[in-house]
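**Student:** Dropping a structure here in structure tokens format, bear with me for questions.
The values are calculated or read from the model by the stated rules, or taken from the named source; none is laboratory data. The structure displayed is predicted, hence computed values, not measured ones. Cβ: placed from backbone, ideal geometry, glycine included. Neighbour counts: every protein chain shown.
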Amino acid sequence: MAPDSTRDFYDDLAPDYHLIFQDWDASMAYQATVLDELVRARLGAGPRRILDCSCGIGTQAIGLALSGHEVVGSDLSPRAAARATAEAAARGATLPTAAADMRHLPFVSSVFDVVVCADNALPHLLSAQDVTAALRGMRRVLREDGLLLLTVRSYNGTRPTSTPPQVSQTPDGRVITFQLWHWHEDGERYDLEHIQLIPAADTWTARARRTTYWALNRDQLTEFAAEAGFTDLSWHTPESTGFYQPVLTARVGI
């Protein structure tokens, strides 16, 4: 991963990130419900101390905080992390955040019950060394018997070149968001163009941003997590959880 370019992508996207969702608050609440159920099923009744190490503008972290958990957020993008704190406060929740690379988490060891890394954030890391370093860092900050919740995109063996348009309503009109994917020659990594069409009077303004992903599959991620010291690894499909991406759960020291 090129940290500067990924950080720039999310710094630039931070003011508009919520426009990815038809209803951001509804999505926050629903995702928190699903993740909270996974936490309760493995750790019992909470509340829990949770780190969202790819918190972005707070899509998972705010919902979990509103559910009663003690949540801390970190993100590579300072602008996204700052917005997450502000958006949480606007909804009556407390969400301290830090700007941090997930490979170098600025927290003491064994302090969290749960680490969340959602929204396909881990595959911004483009080498096995970096992915393993991030997972080892997540394990380090988890207490013994702690829980990792990792969600990633499912490619199902395909190489998509675009995504369907997502339409969200704003006071100024509808915003259309879609992605174009440009696959590298290795067939595993791709550059993603994130495009938003913003209404402007009787025309549109286009905002285009670009970042890079590694299309990691479940077997690769399972192997990396095991190498990082996680045990009791289990994949949960969208059909079984209702979450929009597959979820990997893993434990420390059991």
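**Student:** Out of GLU87, GLU188, GLU144, I need the residue that is surrounded by fewer than 21 Cβ atoms within 10 Å (Cβ to Cβ), among the acidic types (Asp, Glu) and not assigned by TED's automatic domain parsing to the domain that holds GLY44. Which one?
**Tutor:** Answer to the selection: GLU188.
**Student:** Just one of (1) free of Cβ contacts under 8 Å to residues at least 40 places away in the same chain; (2) crowded, with 23+ Cβ neighbours inside 10 Å; (3) outside any helix (DSSP H, G or I) trips up ILE50, so point out which.
**Tutor:** For ILE50, the exception is condition (1).
**Student:** In addition: What are the pairs, 6+ residues apart or on separate chains, where a residue within segment 142-153 that is among the acidic types (Asp, Glu) has its Cβ under 7 Å from a residue that is assigned to a strand (DSSP E or B)?
**Tutor:** Within 7 Å, the pairs are GLU144/VAL252; ASP145/ARG251; ASP145/VAL252.
**Student:** If you don't mind, another one. May I ask you to say which residue of VAL72, VAL114 is assigned to a strand (DSSP E or B), at pLDDT 95 or above, touching a strand residue (DSSP E or B) at 6+ places or on another chain (Cβ under 8 Å) and farther than 24 Å from GLU223 by Cβ?
**Tutor:** That would be VAL72, the only listed residue that is assigned to a strand (DSSP E or B), at pLDDT 95 or above, touching a strand residue (DSSP E or B) at 6+ places or on another chain (Cβ under 8 Å) and farther than 24 Å from GLU223 by Cβ.
**Student:** Using the structure shown, decide if ARG159 is outside the structural domain of VAL116 (by TED's automatic domain parsing), surrounded by 15 or more Cβ atoms within 10 Å (Cβ to Cβ), farther than 30 Å from SER110 by Cβ and not hydroxyl-bearing (Ser, Thr, Tyr).
**Tutor:** No: the conditions fail for ARG159.
**Student:** Select from segment 100-126 the residues that are among the aliphatic types (A, V, I, L, M) and closer than 17 Å to PRO78 by Cβ and list them in ascending order.
**Tutor:** Within segment 100-126, ALA100, MET102, LEU105, ALA121 meet the criteria.
**Student:** Another one. Which of the residues belonging to segment 18-41 are at pLDDT 95 or above, of a type outside the set (S, T, N, Q), out of contact with any helix residue (DSSP H, G or I) (no Cβ under 6 Å at 6 or more places or on another chain) and surrounded by 14 or more Cβ atoms within 10 Å (Cβ to Cβ)?
**Tutor:** Answer for segment 18-41, where residues must be at pLDDT 95 or above, of a type outside the set (S, T, N, Q), out of contact with any helix residue (DSSP H, G or I) (no Cβ under 6 Å at 6 or more places or on another chain) and surrounded by 14 or more Cβ atoms within 10 Å (Cβ to Cβ): ASP25, TYR30, LEU35, ASP36, LEU38, VAL39.
**Student:** Among the residues of segment 162-178, which ones are surrounded by fewer than 16 Cβ atoms within 10 Å (Cβ to Cβ) and either touching a residue at least 12 places away in the same chain (Cβ under 8 Å) or in contact with a Leu (Cβ under 6 Å, 6 or more places away or on another chain) (or both)?
**Tutor:** SER162, THR163, PRO164, PRO165, GLN166, VAL167, GLN169, THR170, ASP172, GLY173, ARG174, PHE178
**Student:** Consider only pairs whose beta carbons are under 8 Å apart and that are at least six residues apart or on different chains; among these, list those whose first residue lies in segment 15-39 and is on the phi > 0 side of the Ramachandran plot and whose second residue is surrounded by fewer than 18 Cβ atoms within 10 Å (Cβ to Cβ) and not small (Gly, Ala, Ser).
**Tutor:** none
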